[in-house]
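One structure below.
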Amino acid sequence: MERQSRNGQETIVAVATPPGRGGIAVVRLSGPDSLRIARALVRLKREPETHRVRFGHVLDEGGEVLDDALLTYFAAPHSYTGEDVVEISVHGAPVVVQTVVQLSLRRGARLAHAGEFTERAFLNGRMDLTQAEAVRDLIESSTVAQARLAAEQLGGSLQREVRPAKDALVMLVAALEAGIDFAEDDLQTMPTDEIAARIAALRPALERLLASFAHGRLLREGLRLAIVGRPNAGKSSLFNKLLERDRAIVTPIPGTTRDVVSERAVIGDVPVELLDTAGLRETEDVVERLGVERSHEAIADADLLLHVLDATAADEEQEMAAAWVAAGRTPVVRVWNKADLLPSEEREGAPEGALWTSAVTGEGMDALRGAILRYAGAGGAGAGSGTAAGAVHAMLTNTRQRDSIARALEGLERGAQAALSGTPHEMLLLDLYEALQGLDALTGQTTADDVLNQIFSTFCIGK
Ligand code: GDP
């Protein structure tokens with residue numbers, strides 16, 4: 001209900017540019033009164049025209065000129081929100097920007113909620129939910145790969161990928177419904193194996209999408225990589241070494257304790273949160289034990305472990321490594337570090353596939369980065385090179401999208417079984433409708449208000 005009224009006739013206003021002082025700032029209005037309100041505060045030399053920029057002056061309440069302004073008008077429905085939109089660009093002095101907002105409020109606009117412009121775009125059918133999410137992801141992107149992936153999704157890549165399966169499913173449902181309606185007239189209903197075959201044909205595209213989530217999530221959220229191993233194996237040294245090349249985007253994350261140090265880096269295309277853990281030996285020391293506990297937590301949350309072994313203590317390490325294999329399900333990349341201290345003839349006894357690294361000479365660092373990227377699924381065509389040329393394909397990037405597709409696939413699975421076991425079509429249809437709802441939920445056609453509120457509240461104000 002609230003959603004309906006929020007999408008009513010109110011005109012909203014917000015600053016679309018970041019807070020603070022800047023070269024220019026943009027105030028954005030959307031709703032039926034946008035142009036009236038904007039014209040009351042900006043004196044123009046020429047009549048506004050849709051999709052045209054007009055030069056003018058911002059006037060304060062007393063009619064005095066406060067600043068120059070550029071006014072851009074987008075008449076409904078050909079605007080971002082589908083409503084009348086006006087963008088007023090002024091010089092980025094906070095006091096001028098705030099005056100424009102205040103005067104807009106006085107003329108009848110109200111402040112926009114976070115994400116409300118995009119929410120209106122969605123509610124007015126200008127974009128589907130995956131595209132709305134892409135707007136947010138694009139704004140939040142910090143790597144080129146993230147931006148590219150979000151731009152694809154904004155262009156409707158997910159929608160396009162799902163559309164053929166959805167169309168085919170709708171056709172199947174329609175055919176079965178028709179069969180039920182006319183059953184009494186002896187109309188031929190669809191044979192079981194044809195139903196099963198039609199359902200089977202829908203699956204590959206959706207399964208491909210579901211599988212894309214592993215990589216899509218990594219590109220969007222990044223990879224948590226915990227560096228583990230015995231004290232002195234060289235964890236901190238490798239941590240610094242991995243950061244070195246990528247220092248440009250390294251920022252310290254506040255709130256980390258001295259026992260688990262965390263930094264962000266970009267390896268290839270993939271944002272990586274590196275966690276350097278305290279050593280994992282048993283200890284009586286209380287402070288150290290706390291560190292070890294934190295290490296265990298970091299390990300539990302990690303997507304990938306980098307297990308650093310000391311190549312000069314191979315025998316002891318072998319025992320530890322065995323314990324590690326049993327330790328959990330988190331995938332592990334294992335390196336034998338301090339390789340520079342080991343004469344090459346001694347490397348022969350090493351386990352299959354071992355990576356030799358040296359934090360001193362840098363040996364093996366590229367191979368290590370490659371192994372991390374391979375895990376991230378970026379080792380394929382065009383990616384992993386650090387510049388990742390080539391097209392980005394549609395990928396699921398958040399759990400909401402993943403759950404929608406999973407729901408569709410479950411419905412199809414149950415439907416296929418029902419078809420094969422000769423279940424009446426009325427029952428079978430329930431499963432197919434469930435599948436259809438999964439696909440509709442992806443694009444937001446059947447999404448509960450509270451879910452929508454949750455999504456749009458993660459946007460910034462003014463978008
Ligand atoms: P951590 O306790 O596992 O974090 O180990 P550190 O990174 O603190 O390293 C322990 C010691 O081993 C330090 O003196 C490092 O300089 C040294 N070290 C680490 N990696 C290498 C390496 O690849 N080669 C050599 N020669 N020394 C290393």
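Among 47-55, 265-273, sorting by the average number of other beta carbon atoms lying within 10 angstrom of each residue, highest first, gives 265-273, 47-55. The residues packed around Ser141, meaning those with a beta-carbon under 13 Å from its beta-carbon, carry a net charge of -3 if Lys and Arg are +1 and Asp and Glu are -1. Extension gain for Ala93-Gln445 works out to 122.6 nm (0.36 nm per residue, less the C-alpha to C-alpha distance). At a Förster radius of 35 Å, what calculated FRET efficiency corresponds to the Cβ-Cβ distance of Ala354 and Glu297, to the nearest 0.05? So, using R0 = 35 Å, E works out to roughly 0.80. Which FRET efficiency, nearest 0.05, do Arg374 and Glu64 yield, Cβ-Cβ r, R0 56 Å? The computed FRET efficiency comes out at 0.30. What residues from the range 100-131 fall in the zone where the backbone N is under 17 Å from a label point 7 Å along the Cα-to-C-beta line of Ala151? Residues passing the 17 Å test: 131. Within straight-line reach of Lys235, meaning a Cα separation under 19 Å, sit the following lysines at least 8 residues removed in sequence or on another chain: Lys338. Spacing of the modelled spin labels on Gln9 and Ala406, each 7 Å from Cα toward Cβ, amounts to 4.5 nm.
Between Arg347 and Asn232, the FRET efficiency from the beta-carbon distance, with R0 = 25 Å, is close to 0.80.
Only the coordinates and a few stated rules stand behind these numbers; no lab work does. All figures in this text were calculated on a predicted structure; none of them were measured in a lab. We place every Cβ from the backbone using ideal geometry, glycine too, and count neighbours over all the protein chains shown.
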